[in-house]
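Engineer: The structure follows.
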Amino acid sequence: MKLGRLNHVGVATPSINASIAHYRLTMGAEVVGEPFDLPAQGVRVCFVDTPNCQIELIEPLGDASPIRAFLEKNPLGGQHHVCFEVPDIREAKAWFEGRGCRVLGEPRIGAHGTPIFFLHPKDMGGVLTEIMESPSGP
Ligand code: CO
């Protein structure tokens, strides 16, 4: 497997709108996407562009949102995951499984419209890690 670029850093927030204001007014971000719902993942998402990477703001969507527990522990929000691109999601899944890393669920379509999966933080040095197929595909 060839590790690709860091695509985004996921940041959980209790309020996407408040976080957008923070990135615009305090951080000076100029390019902020439109927030959108990702019901399959139980989150509302908004991407903030930086020159080399994106920040993915994620707000809970629905009662079963996987980030609710995170926000209970971190009421202000905080860094939630990092996401790396790979050329081929199936190859990457087999690679990580072959190394004993726990893949959380089957690959599914992520916020960029390409397949993604998450790796258990206990197998990733404590970092919840998202693997995403590059938009250019395999
Ligand atoms: Co993400």
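Engineer: Percent relative contact order of segment 65-138, based on C-alpha pairs within less than 8 angstrom and at least six residues apart?
Structural biologist: 34
Engineer: Further, regarding this structure: Can you work out ³J(HN,Hα) from phi for every residue in segment 95-109, in order, using Karplus 6.51 cos²θ - 1.76 cosθ + 1.60 and θ = phi - 60°, giving whole Hz and x for Gly and Pro?
Structural biologist: 4, 5, 4, x, 9, x, 8, 6, 8, 8, x, 7, x, 9, 6
Engineer: Would you mind working out the accessible area per residue for the chain, using a 1.4 Å probe, and quoting it in Å²?
Structural biologist: Numbers: 7450 Å² over 138 residues.
Result: 54 Å² per residue.
Engineer: Here is a further query. Under the rule a/c < 1.5 gives rounded, and otherwise a/b versus b/c splits prolate from oblate, where does segment 1-60 land using the Cα gyration tensor?
Structural biologist: Numbers: a/c = 2.29, a/b = 1.13, b/c = 2.02.
Oblate is the answer for segment 1-60, as a/c is 1.5 or above yet b/c matches or exceeds a/b.
Engineer: Kindly provide the GluC sites (Glu not before Pro) of segment 8-104 that DSSP labels as loop, not H, G, I, E or B, and whose Cβ sees at most 14 other Cβ atoms within 10 Å.
Structural biologist: On the way: sites: GLU30, GLU56, GLU72, GLU85, GLU91, GLU97; in loops: GLU30.
Within segment 8-104, the qualifying GluC sites (Glu not before Pro) (loop, at most 14 other Cβ atoms within 10 Å) are GLU30.
Engineer: What relative contact order, as a whole-number percentage, does the chain give when Cα pairs under 8 Å and 6 or more residues apart are counted?
Structural biologist: On the way: 281 pairs, mean separation 34.5, N = 138.
In percent, rounded to a whole number, it is 25.
Engineer: Moving to a separate point now. Using a 1.4 Å probe on the protein chains only, how many percent of the accessible area of segment 25-126 belongs to carbon and sulfur? Each step should come with its number before you reach the end.
Structural biologist: On the way: 3160 of 5750 Å².
Using a 1.4 Å probe with all protein chains present, segment 25-126 comes out at 55 percent carbon and sulfur.
Engineer: Quick check on segment 6-138: what are the equivalent-ellipsoid semi-axes from the Cα gyration tensor, as sqrt(5λ), descending, whole Å?
Structural biologist: On the way: eigenvalues 121, 60, 35 Å².
Largest first, segment 6-138 gives 25, 17, 13 Å.
The values are calculated or read from the model by the stated rules, or taken from the named source; none is laboratory data. Everything quoted here is computed from the prediction, not taken from an experiment. Neighbour counts are summed over all protein chains in view; Cβ atoms, including those assigned to glycine, are modelled from backbone coordinates with ideal geometry. Heavy atoms of the whole protein, side chains included, go into the accessibility calculation; ligands, DNA and RNA do not. Shrake-Rupley method; radii C 1.70, N 1.55, O 1.52, S 1.80 Å.
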